[in-house]
Amino acid sequence: MPVSVFDLFKIGIGPSSSHTVGPMKAANRFIQTLAEQGGMSALAEIRVGLFGSLALTGHGHGTDRAVILGLLGETPEDVSIDAMPTLVGNVRTTRRLPVAGGPIIDFDPERHIAFHRSETLPLHPNGLHFEALDADGSLLVDAEFYSIGGGFVVTAEDFGQTAPQPRSSPFPYRSAHELLALAASHNLSLAELAHANEAAQRSTGDIEAGLRRIWAVMQDCVRRGLALDGNLPGGLDTRRRAPQLRRRLEEQNRLRDPLEALEWVNAFAMAVGEENATGGRIVTAPTNGAAGIIPAVLHYLIRFVPDTGEDDVFTFLLVAAAIGSLYKENASISGAEVGCQGEVGVACSMAAAGLAAALGGSNEQIENAAEIGMEHHLGLTCDPVGGLVQVPCIERNAIAASTAINAARLSLSGDGRHVVSLDVVIDTMRQTGADMQAKYKETSLGGLAVNQAKC
């Protein structure tokens, strides 16, 4: 079944959908499970284990902070960005945790959150294990979760299962071939088909309100990122570059640089990446590590393409989600599972398709744009320096946003016929990710993460 646009585009916080957003949700769900099973009254201790990629790069991604916030009952959608440091700081200082809906217990993050760097749980590289104990040390409840990319979290029992749909989608598809065939047989554009599937779950008014909110958060994030100077947290002393780019572009606006639009795209994408790196409010699109690509291309559409507006934004997001659903269901959007091709590559593919749709492309041209966007990201590794979503991640968003625009323009220059299909590219991406060594999949054990440290 197709994944909803509101599942692929989720409002949350940085710096990572799989290492921050997912663990916060997992901790929150564990507390809910504990309450449902009647264990709150006897609760005296909580132990958390982080495994695989979550352990190897969790400190840089703020996984331990996210777990604390989740145990406090906070959610990525609603937590106050300004309050987060105080909430986490109080727990670290007092070593006391006011469990959401439960007692205040002794909790030392250094002791109660364990980073198992040499162990991986069996089903996915991003694994968490929770235990709730009573005063005698007896187990009340335990649970195993997997953060599978894009903020999606599943239990061990539900791993690999298709999420239940509130209502059957009128146009179910599992491949790009099926998607194109459905649209052709019902004489629908891909945007119309995607809207019809959403309309099986919510009203048109709710769909538009939800898409409008997603776009508003993207715009707010870009505005903040273009305005704030300074260095990013984490120890690399990475400076914010988006405000400098903005100032230079504003000053040289009179020069009419033929590449001015693409320079603005760089600024838009980096603004989001820099906000994400600080733990700011962003839209997971479809992951945090790739969150700057789709907003940057949307800003390009609205700012530099004449006669575009809100309806074009809606078309863009609906089609991008329809394409993203194919990757989510048939491959992966987790950097820890398939490398950065599953994050930046997928976002580029989604953005290229969305832009081609908004520019009036045929369904075949849209599929071609999506294919081009991924084909040239195959094999892209995930090797963040210092385990931080900064180097090479932020620049990579800018490059991929420009690639998405070029992919859309290339597709629109043809008639949609091409040699390699989107389905073949998606399957190739999945195979490539399976073949990729673990050190290149968000573990910071290889690539730039290691070689930069030697310099």
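The values are calculated or read from the model by the stated rules, or taken from the named source; none is laboratory data. Owing to the predicted nature of the structure, the values given are computational and were not obtained by experimental measurement. In this analysis, Cβ positions are derived from the backbone assuming ideal geometry, glycine residues included, and neighbour counts consider all displayed protein chains. Surface accessibility is based on the protein's heavy atoms, side chains included, excluding ligands, DNA and RNA. Shrake-Rupley method; radii C 1.70, N 1.55, O 1.52, S 1.80 Å.
At a glance:
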| quantity | calculated |
| --- | --- |
| Per-residue [θ]222 nm for the chain (sum of -39500 (n - 2.57) over DSSP H runs n ≥ 4, rounded to 500) | -15500 deg cm²/dmol |
| Listed residues Glu178, Glu329 arranged by accessible area, highest first, probe 1.4 Å | Glu178, Glu329 |
| Computed magnitude of the charge dipole of the range 228-318 (debye, nearest 20; Cβ of K, R +1, Cβ of D, E -1) | 340 |
| All aspartates and glutamates inside 14 Å of Lys441 as judged from Cα atoms, apart from same-chain residues fewer than 8 positions distant | Glu337, Glu343, Asp383 |
| Label point distance in nm, Gln252-Ala438, each placed 7 Å from Cα along Cα→Cβ | 4.6 |
| Peptide ranges 195-201, 60-66 listed from the most packed, as the mean C-beta count within 10 angstrom indicates | 60-66, 195-201 |
| Under the span-like rule (Cα at least 27 Å along the axis, Kyte-Doolittle mean at least -0.5), DSSP H helices of the chain | 204-227, 310-330, 393-412 |
| For the chain, share of DSSP beta bridges that run antiparallel, in % to the nearest 5 | 85 |
